[in-house]
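The values are calculated or read from the model by the stated rules, or taken from the named source; none is laboratory data. All values reported here derive from a predicted model rather than from experimental measurement. Positions of Cβ are generated from backbone atoms using ideal geometry, with glycine treated the same way; all protein chains shown enter the neighbour counts. When the accessible area is computed, the model is the full protein with side chains, heavy atoms only, and any ligands, DNA or RNA have been set aside. Shrake-Rupley method; radii C 1.70, N 1.55, O 1.52, S 1.80 Å.
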Amino acid sequence: MPLRFSYPFRPYCPPLVPEEEVERRSLQLYEQLNERRSVREFSSRPVPRSIIESLIKAAGTAPSGANKQPWMFCAVQNLSLKKQIRVAAEQEEIESYAHRMSAEWLEDLAPLGTDTHKEFLETAPWLLVVFRRVYEFRPDGSQHNNYYVSESVGLAVGFLLAAAHQAGLVALTHKPSPMNFLARLLNRPKNERPFLLIPIGYPVSDTLVPDIHRKPLDEISVWY
Ligand code: IYR
């Protein structure tokens with residue numbers, strides 16, 4: 001099949017890092033990421049827009065299926081919009097906790113102390129509402145598929161969380177369910193589906209997090 005389009009290829013020369021330095025850096029990043037925790041109590045301390053822009057740009061460097069970059073980050077700072085999102089999310093959560101989630105699910109969540117109150121949706125200075133774009137519109141209005149959309153957007157969110165953490169901010173990956181209200185409140189086009197809601201900011205000074213532990217290496221890896 002003839003190649004219809006090709007990017008020009010260019011040399012890629014990442015800086016050569018000596019092996020002991022590779023060792024040190026890999027351990028250092030692990031130790032840094034191991035300090036990251038999901039936080040549910042946010043202070044209202046503002047975060048400048050320029051910082052959120054850098055986090056989104058970091059997220060946008062993630063790999064994606066056919067380089068389609070099938071993500072959209074809606075950065076919400078507006079107080080009345082945050083309130084509307086909180087009200088709608090809490091409405092869904094009340095339904096979910098009362099009727100939609102199984103007894104086993106509620107039992108799994110109980111030790112983490114989550115409930116239907118989502119004050120963080122109003123107190124955090126920024127809400128990043130992440131959408132996955134299942135397809136694109138061509139200029140003539142027809143549709144063009146994206147590929148591995150959830151995997152791609154999941155990777156981008158991972159980059160975002162790592163970037164926020166190393167910058168000194170905290171975040172929460174929150175998933176009210178169902179999330180259709182987000183597309184409606186933010187007036188998103190129909191090729192975009194809500195993926196995650198991520199409050200970002202600073203924690204209140206006395207916030208507590210559950211004392212959970214990471215699985216050790218031998219439980220998360222097999223070596224061949
Ligand atoms: N979305 C609900 C419930 C919830 C579900 C899981 I899985 C969690 O890890 C945490 C919460 C809520 O946000 O409360």
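Out of Arg45, Arg25, one residue alone is loosely packed, with under 12 Cβ neighbours inside 10 Å, more than 18 Å from the chain's Cα centre (by Cα) and charged (D, E, K, R). It is Arg25.
Within the stretch 179-197, the residues that satisfy the criterion of being open to solvent by less than 50 Å² (accessible area, probe 1.4 Å) and farther than 21 Å from Ser152 by Cβ are Phe181, Leu185. Only one of the numbered conditions (1) away from the ligand (no atom under 16 Å from the Cβ); (2) in contact (Cβ under 8 Å) with a residue 60 or more places away in the chain; (3) touching a strand residue (DSSP E or B) at 6+ places or on another chain (Cβ under 6 Å); (4) open to solvent by 30 Å² or more (accessible area, probe 1.4 Å) is violated by Gly201, and that is (4). Could you tell me whether Glu21 is free of Cβ contacts under 8 Å to residues at least 12 places away in the same chain and out of contact with any Asp or Glu (no Cβ under 8 Å at 6 or more places or on another chain)? The answer is yes for Glu21. Here Tyr7 qualifies as without any contact (Cβ under 8 Å) to a residue 24 or more places away in the chain, surrounded by fewer than 14 Cβ atoms within 10 Å (Cβ to Cβ) and either more than 16 Å from Val129 (Cα to Cα) or more than 16 Å from the ligand (Cβ to nearest atom) (or both). Confirm whether Gln91 is within 22 Å of Pro199 (Cα to Cα), surrounded by fewer than 18 Cβ atoms within 10 Å (Cβ to Cβ) and within 13 Å of the ligand (Cβ to nearest atom). Against the criterion (within 22 Å of Pro199 (Cα to Cα), surrounded by fewer than 18 Cβ atoms within 10 Å (Cβ to Cβ) and within 13 Å of the ligand (Cβ to nearest atom)), Gln91 qualifies.
One line per residue, one yes/no per condition, for (1) within 18 Å of Gln166 (Cβ to Cβ); (2) more than 20 Å from the chain's Cα centre (by Cα):
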| residue | (1), (2) |
| --- | --- |
| Glu31 | yes, yes |
| Arg36 | yes, no |
| Arg40 | no, no |
| Trp71 | no, no |
| Ala75 | no, no |
| Leu81 | no, no |
| Glu93 | no, no |
| Tyr97 | no, yes |
| Glu104 | no, yes |
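Can you find a residue that is open to solvent by less than 70 Å² (accessible area, probe 1.4 Å) and free of Cβ contacts under 8 Å to residues at least 60 places away in the same chain anywhere in the stretch 117-130? The answer is yes; a qualifying residue exists. Is it the case, given these coordinates, that Arg36 is in a loop (DSSP other than H, G, I, E, B), surrounded by 19 or more Cβ atoms within 10 Å (Cβ to Cβ) and basic (Lys, Arg)? So Arg36 fails the test.
For the stretch 54-88, which residues satisfy the criterion of being in contact with a strand residue (DSSP E or B) (Cβ under 8 Å, 6 or more places away or on another chain), open to solvent by 30 Å² or more (accessible area, probe 1.4 Å) and in a helix (DSSP H, G or I)? Answer for the stretch 54-88, where residues must be in contact with a strand residue (DSSP E or B) (Cβ under 8 Å, 6 or more places away or on another chain), open to solvent by 30 Å² or more (accessible area, probe 1.4 Å) and in a helix (DSSP H, G or I): just Ile56. Cβ separations smaller than 6 Å between residues 6+ apart or across chains give the following pairs from the stretch 32-43 residues that are under 12 Å from Glu119 (Cβ atoms) to residues that are of a type in the set (Phe, Trp, Tyr): Arg40/Phe120; Phe42/Phe120; Ser43/Tyr202.
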